[in-house]
Amino acid sequence: MDAAALWQRYQDWLYYHPELGMYLDVSRMGFDDGFVDRLTPALTQAFQSMAALEAGAIANPDEQRMVGHYWLRNSDLAPTPALKQDIDQTLADITTFTHQIHSGAVRPPSASRFTHILSIGIGGSALGPQFVSEALTPADAPLQITFIDNSDPAGIDRILAKLGDHLSTTLVLVVSKSGGTPETRNGMVEVQHAYQQQGLVFARHAVAITGDGSSLDQQAKTEGWITTFPMHDWVGGRTSQLSAVGLVSASLLGIDIQAMVQGAKIMDEATRIPQLKQNPAALLALSWYYAGNGKGEKDMVVLPYKDSLLLFSRYLQQLVMESLGKEKDLDGNTVYQGLAVYGNKGSTDQHAYVQQLREGVPNFFATLIEVLEDRTGPSIAIDNGATTGDFLSGFLQGTRAALYGNQRDSITLTIPAVTPRLVGALIALYDRAVGLYGFMINVNAYHQPGVEAGKKAAATVLDLQTKAVAAVQAAGQALSLTELAHKIQAPDQVESLYLILRHLDANGRSIKLIGNPAQPATLSVEARVEVR
Ligand SMILES: O=P(O)(O)OC[C@H]1O[C@H](O)[C@H](O)[C@@H](O)[C@@H]1O
């Protein structure tokens, strides 16, 4: 395509949202009108399914759940008055709680104010809050936030060491929809222990954000934690940023959560329009379909050219891959669907893997995110009058052109600045795009059956460990791995046993392995005798 035709294509496809000042450019995706015509029926169907979902249809059939994250942004849309009241009340409670914390009306037992937040959660209960705090925390935030989002003991130690003496003025948010996620439970128990060690009362520092009646909810109530906020059954973890899950920490950090919700609401309205060119989420969904042939054949590389948006790709990874990565479609056919997402930030990545994007295996399409505002305040000239921001902008254009020049597709999303309103809009844009694309490819975008399989397998391993340790201790002599496996009626689990024992041994726990590590089959195991 020559320059004039390309410029025309740019104008023909450019989407602009006047209220948000957001642009979406899909002109560098190679689809033609024939493709758009072919996809129109699927898109029309997706618009209808999305309207039914918003009206309260059971859009997650396996789990018999409604999908209601859109109501969080406009409670008038909630299907019952009770749900509307619940949404409004939660927002009001978050605001009241924020005032109480900031003013010191709710304070730690031994100081006049909380100074830090420690948020414990994983997946949808961490990625949104992490993304938003990285993107929007003001320089003069009233509290500082850190996260525990794993069951890694050394990781937990690092965070606790960083908090050090501040533990006594730290507010701990335990965030889990189910209230039973092991990583989150483990983090909480470790933190509780750290409080005990310092002679502090954990309950006077703790807040739970969880489903009503969950084990976490019960624990918080029994132990008299500061308060609890609800996580509703009809909000999925990966779309929960605009529920209490994301709003409590954001509000405490001094981020304007009303603006964030408002930005999402404006975007929701824009992405309800059942016309491709007037609906940025539909333009994204169509582009994704085009790039990967509706089967995720190409990966989505997300490159925000702005440091504060660093965690957006990680946030999108869960949103997109947990929603779309499915073995079965809604009719039960085996489809192995998905759309892989990765990315970090530009121009940093241009000095890392963009070489492969430009010249290597063409198995991706890029999403470049441009932020028009360079910084608040003026910039100095670096070179021939050009500022660092001009360079960054030039690098983005350069990458876009270089990709296009080698037949690699890209989408460019442009926002005026990284503000609460725009971040809310970005979140809403992508969760609608994922929803529409999910309907287009006929998968349930709102469940995650594959994750459950991994959780069950992990529980089996821990059960095996308990039995193995008990059997080694009861034996009173060294056992070969095969003997041990037979003793605990797990003859086909020798490899798993070996891996468990090697980990216990490496940590000086209750057993030790004897023999040559290079030949696992020759190893034997015995109880470790404690040296006094
Ligand atoms: O909020 P929670 O119930 O603790 O769940 C945290 C996360 O873990 C699960 O395994 C799911 O795959 C995620 O969708 C969820 O966001």
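Here is how the numbers come out for the structure above:
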item	result
Subset of the range 76-91 [buried (at least 18 other Cβ atoms within 10 Å of the Cβ), in contact with a helix residue (DSSP H, G or I) (Cβ under 6 Å, 6 or more places away or on another chain) and assigned to a helix (DSSP H, G or I)]	Leu77, Ile87, Thr90
Lone qualifier among Ser313, Ser347 - being open to solvent by less than 80 Å² (accessible area, probe 1.4 Å), among the small types (Gly, Ala, Ser) and out of contact with any helix residue (DSSP H, G or I) (no Cβ under 9 Å at 6 or more places or on another chain)	Ser313
Cβ-Cβ under 8 Å pairs, at least 6 apart or on other chains, the range 209-221 side among the basic types (Lys, Arg), far side open to solvent by 10 Å² or more (accessible area, probe 1.4 Å) and more than 9 Å from the ligand (Cβ to nearest atom)	Lys221/Thr228
Residue match in the range 386-396 (condition: within 15 Å of Thr414 (Cα to Cα) and touching a Lys or Arg at 6+ places or on another chain (Cβ under 6 Å))	no
Pick from the range 60-95, criterion among the small types (Gly, Ala, Ser) and in contact with a Gly (Cβ under 9 Å, 6 or more places away or on another chain), ranking: nearest to Ser243 (Cα to Cα)	Gly68
Extreme residue, nearest to the chain's Cα centre (by Cα), among residues of the range 56-73 that are open to solvent by 30 Å² or more (accessible area, probe 1.4 Å) and not charged (D, E, K, R)	Met66
Hey, Val207 surrounded by 20 or more Cβ atoms within 10 Å (Cβ to Cβ), part of a helix (DSSP H, G or I) and within 16 Å of the ligand (Cβ to nearest atom) or not	no
Which listed residue is within 16 Å of the ligand (Cβ to nearest atom), farther than 18 Å from Thr115 by Cα and either touching a Leu at 6+ places or on another chain (Cβ under 8 Å) or at pLDDT 95 or above (or both), from Ser249, Ser214	Ser214
In the range 130-149, the residues that are within 16 Å of the ligand (Cβ to nearest atom) and either of a type in the set (A, V, I, L, M, F, W, C) or within 21 Å of Gly424 (Cα to Cα) (or both)	Gln130, Phe131, Val132, Phe147, Ile148
Verdict on Leu392 being surrounded by fewer than 21 Cβ atoms within 10 Å (Cβ to Cβ) and among the hydrophobic types (A, V, I, L, M, F, W, C)	yes
All positions within the range 220-233 that are within 14 Å of the ligand (Cβ to nearest atom) and surrounded by fewer than 19 Cβ atoms within 10 Å (Cβ to Cβ)	Asp233
Residue list for the range 150-190, restricted to those being among the hydroxyl-bearing types (Ser, Thr, Tyr) and either within 16 Å of the ligand (Cβ to nearest atom) or outside the structural domain of Ser112 (by TED's automatic domain parsing) (or both)	Ser151, Ser176, Ser178, Thr181, Thr184
Pick from the range 110-129, criterion among the polar types (S, T, N, Q) and surrounded by 20 or more Cβ atoms within 10 Å (Cβ to Cβ), ranking: nearest to the ligand (Cβ to nearest atom)	Ser125
Tally, over the range 324-355, of residues that are under 18 Å from Asn406 (Cα atoms) and modelled with pLDDT of 95 or more	0
Residue within the range 27-43 that is under 27 Å from Ala417 (Cβ atoms) and surrounded by fewer than 15 Cβ atoms within 10 Å (Cβ to Cβ) present	no
Hits in the range 404-433 (condition: of a type outside the set (Phe, Trp, Tyr) and over 28 Å from the mean Cα position of the chain (by Cα))	Gly405, Asn406, Gln407
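The values are calculated or read from the model by the stated rules, or taken from the named source; none is laboratory data. Only a predicted model underlies this, so the values are computations on that prediction, with no experimental measurement involved. Neighbour counts run over all protein chains shown; Cβ positions are idealised from the backbone, glycine included. Accessible surface areas use protein heavy atoms only, side chains included; no ligands, DNA or RNA. Shrake-Rupley method; radii C 1.70, N 1.55, O 1.52, S 1.80 Å.
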